[in-house]
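Data first, discussion second: the structure below is written as structure tokens.
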Amino acid sequence: MSEMKFCQGVKCHQYKTKDRIKGTQGNKTYQTRRRSSFYYGGDNFCSLNCQNDWFNKFGNRAIDHFGRTTEAKHLTEENAWYKDYDWGSDYNNRTFIIRNGITKEQRPITEEQYNDQNYTLNTI
Ligand SMILES: [Zn+2]
């Protein structure tokens with residue numbers, strides 16, 4: 001069974017929906033949603049509203065912490081590789097490739113390389 005966790009939305013408990021009402025009889029309150037998984041914000045938020053609330057409160061600080069983009073990035077041959085797959089006759093016959101969005105060159109990769117978040121041919 002998956003571990004339960006709370007929505008990280010800073011105002012989640014302020015949205016008055018029936019499913020947020022929790023507590024014993026006579027002591028019920030609107031509470032932060034708690035689920036085993038969430039659809040939004042990397043499995044952290046119960047809704048787009050909650051994700052936006054978090055970003056409106058913390059977004060600037062998060063961007064400053066992890067690095068604000070201060071000049072244009074350029075798509076070049078060195079960083080235009082992206083992973084893709086071709087459908088075969090069915091799902092189990094997919095072939096995995098890495099394709100350069102500038103040169104259109106494509107090379108076969110394994111399913112493991114496709115799923116590996118760190119695998120890339122991009123050099124910059
Ligand atoms: Zn929420």
Looking at (1) touching a Ser or Thr at 6+ places or on another chain (Cβ under 8 Å); (2) closer than 30 Å to ASN100 by Cα, find the lone condition where SER37 falls short. (2)
Within the bounds of segment 40-54, is there any residue that is assigned to a loop (DSSP other than H, G, I, E, B) and free of Cβ contacts under 8 Å to residues at least 24 places away in the same chain? yes
Looking at the structure I just gave you, is ASP64 of a type in the set (Asp, Glu), within 16 Å of the ligand (Cβ to nearest atom) and more than 17 Å from ASN122 (Cβ to Cβ)? no
Test for GLN14: is it within 20 Å of ASN56 (Cβ to Cβ) and out of contact with any Phe, Trp or Tyr (no Cβ under 6 Å at 6 or more places or on another chain): yes
Quick one: which residue in PHE66, PHE58, PHE96, PHE45 is at negative phi and touching a Gly at 6+ places or on another chain (Cβ under 7 Å)? PHE45
Filtering segment 8-32 down to residues that are assigned to a loop (DSSP other than H, G, I, E, B), out of contact with any helix residue (DSSP H, G or I) (no Cβ under 8 Å at 6 or more places or on another chain), within 15 Å of the ligand (Cβ to nearest atom) and not β-branched (Val, Ile, Thr) yields LYS16
Members of segment 40-57 that are more than 11 Å from the ligand (Cβ to nearest atom) and within 21 Å of MET4 (Cβ to Cβ): GLY42, ASP43
When restricted to GLU77, GLU71, the only residue assigned to a loop (DSSP other than H, G, I, E, B), touching a residue at least 24 places away in the same chain (Cβ under 8 Å) and over 21 Å from GLN8 (Cα atoms) is GLU77
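All of the numbers you see were taken from the coordinates with simple rules; none came from a lab. Given the structure is predicted, the values throughout are model-derived calculations rather than measurements. Every residue, glycine as well, gets a Cβ built from its backbone with ideal geometry; the counts of neighbours run over all protein chains shown.
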